[in-house]
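Presented below is the structure to which this report refers.
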Amino acid sequence: MNSGKILQISVKPSTPGEHGLPKMSVSSAEIHYGGVDGDYNNFRQEKKSGEPDMAVMLITQGILDDLNREGWPVESGDLGENLTLSDLSYISIEPEQKFRMGTALIQISFKCEPCTYLYSLPYIGDEKGPEFIKTVKDRRGWYARVLEEGVVSTGDIIKLEG
């Protein structure tokens, strides 16, 4: 399937002393070349100098459902994603694909790899961290660059272009 729907938009502002997880739900957001308005990605800003290929992070609800079935109570926004999508298969997403959503156009860059920031989730912690990192390998989400800035809202269709 080449289209889906935005189930949730998640952001978290820079908060001193806190990691950027979990992110909180908003009903709409502006997507800029530098990222989603209202969101601060610690890793992208501090370690990657604002890398534009990491402006937006997305995941499918199917991955979250799989993790829940496997015993991990993951919710939208927990893994750092900005957009949780339905009706789109995670394995159908590939680098360089372009997706129109709302008035924005994004292009998939690369998969997001698990990191120790995930340890800050209340159901993970240091004890379960290494196991969770292995569990979400290749399932943490996709980064995308912004080709056209715009506004997205919960319920918007996301459609493969080209």
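When region 132-150 is filtered for residues that are within 15 Å of Leu79 (Cα to Cα) and either exposed (fewer than 12 other Cβ atoms within 10 Å of the Cβ) or of a type in the set (Lys, Arg) (or both), the ones remaining, listed by number, are Lys134, Lys137, Asp138, Arg139, Arg140.
If I filter region 36-52 down to residues being under 19 Å from Tyr117 (Cα atoms) and in contact with a Lys or Arg (Cβ under 9 Å, 6 or more places away or on another chain), which single residue comes out as modelled with the lowest pLDDT?
The first filter runs over region 36-52 and keeps only residues under 19 Å from Tyr117 (Cα atoms), leaving 39-51.
Cutting the leftovers down to in contact with a Lys or Arg (Cβ under 9 Å, 6 or more places away or on another chain) gives us 39-41, 50-51.
Numbers: Asp39: 89, Tyr40: 79, Asn41: 72, Gly50: 63, Glu51: 81.
Looking at residues that are under 19 Å from Tyr117 (Cα atoms) and in contact with a Lys or Arg (Cβ under 9 Å, 6 or more places away or on another chain), I get Gly50.
Picking from Arg139, Arg145, which residue would you name as being closer than 25 Å to Ala29 by Cα, in a loop (DSSP other than H, G, I, E, B), within 13 Å of the chain's Cα centre (by Cα) and touching a residue at least 12 places away in the same chain (Cβ under 8 Å)? Full working, then the answer.
Details: Arg145 fails: in a loop (DSSP other than H, G, I, E, B).
None of the others qualify; the one that does is Arg139.
For region 120-139, a tally of residues being in contact with a strand residue (DSSP E or B) (Cβ under 7 Å, 6 or more places away or on another chain) and closer than 13 Å to Glu81 by Cα returns 0. Which residues, counting only those in region 91-128, are buried (at least 19 other Cβ atoms within 10 Å of the Cβ) and among the hydroxyl-bearing types (Ser, Thr, Tyr)? Passing the criteria: only Ser109.
Do you know which residues across region 18-32 are among the charged types (D, E, K, R) and either without any contact (Cβ under 8 Å) to a residue 24 or more places away in the chain or exposed (fewer than 14 other Cβ atoms within 10 Å of the Cβ) (or both)? Matches in region 18-32: Glu18 only.
The values are calculated or read from the model by the stated rules, or taken from the named source; none is laboratory data. Here the structure is a predicted model, which is why all the values come from computation and not from measurement. Here Cβ is always computed from backbone atoms with ideal geometry, including for glycine, and neighbour counts include all displayed protein chains.
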